[in-house]
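For reference, the structure discussed in these notes is given below.
The values are calculated or read from the model by the stated rules, or taken from the named source; none is laboratory data. Please read these numbers as outputs of a predicted model, since none were measured by experiment. Here the Cβ positions follow ideal geometry from the backbone for every residue, glycine too, while neighbour counts run over all protein chains shown. Accessible surface is based on the protein model in full, side chains and every heavy atom, while ligands, DNA and RNA are left aside. Shrake-Rupley method; radii C 1.70, N 1.55, O 1.52, S 1.80 Å.
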Amino acid sequence: MERAEAYGFSGVMSGAFLLSCLLFAAVSRRQRGPYMDEVFHVPQAQAYCQGRFLQWDPMITTLPGLYLLSVGVVKPAAWLLGWTGSVVCSVGMLRFINLLFSAGNFYLLYLLLCKIHQKNKAVSGFQRILSALTLAAFPTLYFFTFLYYTDPGSVFFTLFSYLMCLYGNHKTSALLGFCGFMFRQTNIVWTVFCAGNVVAEKLSEAWKIELQKKKDEKISSRKGSFSDLTRILQFLVKYLLSPKNLVTLTALTWPYIILVSLFFVFVFINGGIVVGDRSSHEACLHFPQLFYFLSFTGFFSFPHLLTPTKIRKFLLSLKKHPVQYSLVTVISLFLIWKFTYVHKYLLADNRHYTFYVWRKVFQRHELVKYLLVPFYLFAGWSFADTLKSKSIFWILMYFVCLLAVTVPQKLLEFRYFILPFLIYRLNIPFLSLYRQLLELAFYILVNTVTFYLFLNRTFRWENSDEVQRFMW
């Protein structure tokens, strides 16, 4: 990092943290008590603060990583600063933990952008800082910086694990992956993703050697054709069936293998991936979740995905491959028809934006969910097109992880899309400065509207005196 860039990044990060602190104060004044899922998280953390580590709220579905870390931070701070009484492990103090995670996420996003795009000399330091600021302000993640939820910490440890993986420090990466798993069990998928990065790199090296042997450079430059994909899959099967290759890959990824093995032991002993309330978190094959994620990504990445050039390219691709697109359309319609699930929380809780998305869009008519398929096709094509700079093996690995982290979820919840979105966004090429500024301005606008609604547009339910607020 050059000195000017270092000073610039320090200034931007300090300014963003100061602004977050002011917003944190406003949220804490308006909503002093626990809100939404905080009514479970805060008392659990306070029980741990008081040394009652065997106490557990059966409504909590995640492991106690957030509470253990909170106690590990707050207790020493209280001892050093002489805090006593109710201020220790108060709602505000616990929420402040996530403000620290948010600052950490900003730094990790910047480091990841530098590492992933280090070969792109055309990208300026200002663009890297701007992109890190934009991702740190990603609305769905940024909102939960100000509440005591697991998301900021979950993202922090997962991004940290990914960074260590890219630097080849796989034992540290696996250890950080375990911390991420303790915040949210589904983060084990991103441990597999880190291992997949290592495997994809080795596969790419072997594939280049294969191409040189056959002197067939067309395969690497035309990743979109079906015949090339078939040949790549044949190579993949052949490579992975070789005992020598398997030994090599195992030697490189053994820390991740140990962690994934521990995960399966946990699932076996626990009787499932969810702890606590399992009735509302049943796994199912909810394939339309992939379509919702693509729509979500298209909305928040429209400067990357929704451009006149991409629309023209998509129409040309549609004209060139009508049979393939027709087949994908039929499969998509079938998946929507047979595998669409509507969780009871989605229909019952009018505090979440997903409630209004579902009511205003999907419930307008039975055919709406099918009429959206053309948009899904474009979003999926544009999504894949932005990743074309990555190797085919990386794309396949990422897609498998994306399916694993989204499809089993019955509930449509935007928070579940945060990590797959960030991993995607970190790995696509940089845009022009104008489009980067447009993306940041859009995120600021969404955040402004979100916090205005949360702080000022309160309402009450007929059967409750508590103030209700809109949120993600």
(Q) Checking the structure you have, find out if any residue of the range 24-39 is of a type in the set (Ser, Thr, Tyr) and modelled with pLDDT of 95 or more. (A) no
Q: Only one of these is among the β-branched types (Val, Ile, Thr) and touching a residue at least 60 places away in the same chain (Cβ under 8 Å): Ile188, Ile209. Name it.
A: Ile188
**Q.** Total residues in the range 343-354, condition aliphatic (A, V, I, L, M) and loosely packed, with under 14 Cβ neighbours inside 10 Å
**A.** 2
Q. In the range 318-362, what residues are over 22 Å from Phe417 (Cα atoms) and polar (S, T, N, Q)?
A. Gln324, Ser326, Thr329
Q.
Which of the numbered conditions does Val328 fail, given that it passes all the others? Conditions: (1) surrounded by 15 or more Cβ atoms within 10 Å (Cβ to Cβ); (2) in contact with a Phe, Trp or Tyr (Cβ under 9 Å, 6 or more places away or on another chain); (3) assigned to a helix (DSSP H, G or I); (4) of a type outside the set (D, E, K, R).
A. (2)
Q: Can you tell me which residue within the range 311-321, out of those that are farther than 19 Å from Gly298 by Cα and open to solvent by 70 Å² or more (accessible area, probe 1.4 Å), is nearest to the chain's Cα centre (by Cα)?
A: Leu316
Q. Filter the range 355-369 for residues that are out of contact with any helix residue (DSSP H, G or I) (no Cβ under 6 Å at 6 or more places or on another chain) and either surrounded by 14 or more Cβ atoms within 10 Å (Cβ to Cβ) or touching a residue at least 60 places away in the same chain (Cβ under 8 Å) (or both); which is nearest to Ile331 (Cα to Cα)?
A. Val357
Q.
I need a count of the residues in the range 70-124 that are among the hydroxyl-bearing types (Ser, Thr, Tyr), modelled with pLDDT under 90 and assigned to a helix (DSSP H, G or I).
A. 1
Q) For the range 131-192, list the helices (runs of 4 or more DSSP H) that sit wholly inside it and hold at least 2 residues that are under 30 Å from Ala251 (Cα atoms) and either touching a helix residue (DSSP H, G or I) at 6+ places or on another chain (Cβ under 9 Å) or among the small types (Gly, Ala, Ser) (or both); which are they? A) 151-166, 170-183
Q.
I'd like the full set of residues that are more than 23 Å from Ile97 (Cβ to Cβ) and either over 27 Å from the mean Cα position of the chain (by Cα) or not aromatic (Phe, Trp, Tyr) (or both), limited to the range 1-34.
A. Met1, Glu2, Arg3, Ala4, Glu5, Ala6, Tyr7, Gly8, Gly11
Q) Quick check: anything in the range 451-465 basic (Lys, Arg), open to solvent by 50 Å² or more (accessible area, probe 1.4 Å), farther than 30 Å from Ala122 by Cα and in contact with a Lys or Arg (Cβ under 9 Å, 6 or more places away or on another chain)? A) yes
Q | Pairs where the first residue, in the range 253-264, is under 10 Å from Phe178 (Cβ atoms) and the second is at pLDDT 95 or above and in a helix (DSSP H, G or I), C-beta under 6 Å, 6+ apart | A | Pro255/His170; Pro255/Lys171; Pro255/Ala174; Leu259/Ala174; Leu259/Gly177; Leu259/Phe178; Leu259/Thr191; Phe263/Ile188
Q | Residue list for the range 146-204, filter: within 21 Å of Ala136 (Cα to Cα), among the aliphatic types (A, V, I, L, M) and in contact with a Leu (Cβ under 9 Å, 6 or more places away or on another chain) | A | Val155, Leu159, Leu163, Met164, Leu166, Leu176
